[in-house]
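Here it is, the structure, as structure tokens.
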Amino acid sequence: MTEGKASEAQRRATKRWEKNNPERVKYLRNRTAARTFVRHYADEEDIEELLEIFKKENPNYKL
């Protein structure tokens with residue numbers, strides 16, 4: 001089994017940070033999934049639908 005590049009201490013620190021920041025971890029994972037979908041899988045229809053959802057439902061959208 002390969003050990004990866006991170007030290008054991010770094011892996012423990014990352015795990016501890018993730019445990020202490022579950023909402024941020026959830027946000028980052030969802031953002032990554034959305035970006036991956038848009039970049040690699042979405043077609044024009046998907047993008048149009050996502051933009052409509054963003055405009056109608058996202059409180060951060062400014063007219």
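Bear in mind these aren't lab numbers, they're just calculated from the coordinates by the rules spelled out. Keep in mind the model is a prediction, meaning the values are calculated, not measured. When we count neighbours, we look across all protein chains shown, and the Cβ atoms used for this are built from the backbone with ideal geometry, even at glycine.
Which ³J(HN,Hα) values, rounded to whole Hz and listed in residue order, are derived for the stretch 31-46 from phi using the Karplus coefficients 6.51, -1.76 and 1.60 in 6.51 cos²θ - 1.76 cosθ + 1.60 with θ = phi - 60°, glycine and proline given as x?
Couplings: 4, 5, 5, 5, 5, 4, 4, 5, 6, 10, 10, 5, 9, 4, 4, 4 Hz.
Mind checking which of TYR61, ASN30, GLN10 is farthest towards the positive end of the chain's charge dipole, using Cβ charges of +1 (Lys, Arg) and -1 (Asp, Glu) about the Cα centre?
Of TYR61, ASN30, GLN10, it is GLN10.
A further question on this structure: Filter the chymotrypsin sites (Phe, Trp or Tyr not before Pro) in the chain to those in DSSP coil with at most 12 other Cβ atoms within 10 Å of their Cβ, and list the result.
Working: sites: TRP17, TYR27, PHE37, TYR41, PHE54, TYR61; in loops: TYR41, TYR61.
Those that pass, being in a loop and sparsely packed, are TYR41, TYR61.
Nothing charged except the Cβ atoms of Lys and Arg (+1) and of Asp and Glu (-1): what's the magnitude of the dipole of the stretch 8-57 about its Cα centre? Round to the nearest 20 debye.
In total the dipole reaches around 840 debye.
Give the aspartates and glutamates reachable from LYS62 as a straight Cα distance under 14 Å; neighbours fewer than 8 places away on the same chain don't count.
Those aspartates and glutamates meeting the cut-off are GLU52.
I need the calculated FRET efficiency for the pair GLU23 and LYS62, taking r as the beta carbon distance and R₀ as 30 Å, to the nearest 0.05.
Details: r = 24 Å, r/R0 = 0.80.
The calculated FRET efficiency here is 0.80.
Please give me, ordered by residue number, the trypsin sites (Lys or Arg not before Pro) of the chain that lie in loop per DSSP and have at most 16 other Cβ atoms within 10 Å. Intermediate results must be reported in sequence, preceding the final value.
Details: sites: LYS5, ARG11, ARG12, LYS15, ARG16, LYS19, ARG24, LYS26, ARG29, ARG31, ARG35, ARG39, LYS55, LYS56, LYS62; in loops: LYS5, LYS62.
Passing sites in the chain are LYS5, LYS62.
On a straight-distance basis, which lysines could pair with LYS15 in a cross-link, Cα separation under 30 angstrom, same-chain partners fewer than 8 positions away excluded?
Of all the lysines, those that pass the test against LYS15 - Cα under 30 Å, at least 8 places apart if same chain - are LYS5, LYS26.
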